[in-house]
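Comments concern the structure below.
The values are calculated or read from the model by the stated rules, or taken from the named source; none is laboratory data. From a predicted model like this one, the values you see are computed outputs, not experimental measurements. Because the Cβ atoms are built from the backbone with ideal geometry, glycine has one as well, and the counts that use them run over all protein chains shown.
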Amino acid sequence: MSTQAAAVNKARGLRAWLLQDVPDSITQARAQRFYLAWLTFRRNPIAMTGFLIIAALVLLAIFAPLVTSTNGLEPQLQDRLQPASAAHWFGTDGLGRDIYDRIVWGSRITLYIVGLVGVIVVPVGLVVGTLAGYVGGAVDNVLMRITDIFLAFPRLILALALVAALGPGLENAVLAIALTTWSPYARIARAEALTIRNSEFIMAAKVQGASTGGILFRHVMPLCISSVIVRLTLDMAGIILTAAGLGFLGLGAQPPTPEWGAMISTGRQYLLDQWWIPTVPGIAIFVVSLGFNLLGDGLRDVLDPKSAE
């Protein structure tokens with residue numbers, strides 16, 4: 001009982017520290033900011049729904065070996081085209097592979113795609129956008145015209161052209177999606193940089209002798225990150241759909257990799273009689289895309305000061 005009481009007192013002390021009116025250090029101020037943002041986010045039921053969906057996806061991907069009975073790759077012809085049952089929760093496909101297992105293992109591929117695309121497009125968009133917005137002039141014109149070229153093409157069409165040139169494969173699909181996705185982030189970062197570059201703290205940094213690169217990386221980019229993160233979260237659904245479209249056309253992950261778009265493609269021939277084969281991965285794409293959209297809406301409410309309550 002004393003241990004429980006000590007834990008309760010410790011939790012109360014931590015909460016009081018996080019809600020202290022005047023923080024005693026930079027570390028405490030940052031912790032308070034994250035805690036208050038979490039409290040705001042938690043009050044939004046739609047955002048929490050999206051968060052729980054994405055958290056479930058991450059947990060499935062992490063514990064895939066523990067929650068599946070197979071790796072979803074080897075054919076089991078004696079079990080082919082079986083409907084949902086206690087042995088196969090979502091049924092089996094044309095080669096007898098358990099669809100539930102393939103959905104779970106495919107969650108790793110989905111997270112790999114969105115994670116790698118995010119790692120590529122956020123730094124590229126931030127660097128291009130903040131450099132164009134802060135420096136201006138000819139640099140701004142050149143960088144924004146390049147950005148406009150990528151914005152002028154429909155994302156899926158441009159991704160198809162790039163993958164056709166690079167060759168089919170998961171890595172090439174990720175690279176093609178990243179090359180077609182970075183431009184909106186550059187536009188957002190440029191707009192933020194334009195509003196920041198004449199601020200007083202930027203002037204003070206210049207007076208102290210800070211270089212252009214130092215101002216960009218230490219002052220401008222950190223203030224643009226929140227808007228870019230919100231846009232990235234909202235774009236995750238589009239990234240997943242583009243990857244699934246490439247997989248459906250045979251230009252993304254190659255069989256027998258359990259990528260959801262490729263699963264729909266191989267299962268479409270069974271749509272009329274064994275409807276569950278293409279339908280289940282389609283539902284998985286829908287649910288995960290919905291989760292990212294709901295999560296993005298919640299993050300926008302938390303991180304965007306212009307949408308304050």
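Does V104 meet the test of being over 30 Å from M263 (Cα atoms) and either surrounded by 18 or more Cβ atoms within 10 Å (Cβ to Cβ) or assigned by TED's automatic domain parsing to the domain that holds T181 (or both)?
no
Is there a residue being modelled with pLDDT of 85 or more and either under 25 Å from the mean Cα position of the chain (by Cα) or among the aromatic types (F, W, Y) (or both) anywhere in region 88-95?
Within region 88-95 (the criterion being modelled with pLDDT of 85 or more and either under 25 Å from the mean Cα position of the chain (by Cα) or among the aromatic types (F, W, Y) (or both)), the answer is yes, since at least one residue qualifies.
Pick out the one residue from G133, G169 that is on the phi > 0 side of the Ramachandran plot and either in contact with a helix residue (DSSP H, G or I) (Cβ under 9 Å, 6 or more places away or on another chain) or acidic (D, E) (or both).
Only one candidate qualifies: G169.
Of all residues in region 155-181, which are closer than 11 Å to T242 by Cα and exposed (fewer than 14 other Cβ atoms within 10 Å of the Cβ)?
Hit for region 155-181 is I157, nothing else.
State whether one or more residues within region 221-229 are more than 18 Å from G296 (Cβ to Cβ) and touching a residue at least 40 places away in the same chain (Cβ under 8 Å).
yes
Which of the residues spanning region 72-82 are outside any helix (DSSP H, G or I) and over 25 Å from V288 (Cα atoms)?
Within region 72-82, E74, P75, Q76, R80, L81, Q82 meet the criteria.
Residue-by-condition table, conditions (1) part of a helix (DSSP H, G or I); (2) free of Cβ contacts under 8 Å to residues at least 24 places away in the same chain; (3) within 16 Å of L294 (Cα to Cα):
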residue: F34; (1), (2), (3): yes, yes, no
residue: A37; (1), (2), (3): yes, no, no
residue: I46; (1), (2), (3): yes, no, yes
residue: T49; (1), (2), (3): yes, no, yes
residue: L60; (1), (2), (3): yes, no, no
residue: L66; (1), (2), (3): yes, yes, no
residue: T70; (1), (2), (3): no, no, no
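Please specify each residue of region 236-263 satisfying the condition of being part of a helix (DSSP H, G or I) and without any contact (Cβ under 8 Å) to a residue 60 or more places away in the chain.
A237, L241, A244, F248, G261, A262
Quick check on S85: is it polar (S, T, N, Q) and part of a loop (DSSP other than H, G, I, E, B)?
Yes.
Say we look at region 203-235 and pick out the residues that are part of a helix (DSSP H, G or I) and among the polar types (S, T, N, Q); which of these is nearest to the chain's Cα centre (by Cα)?
T233
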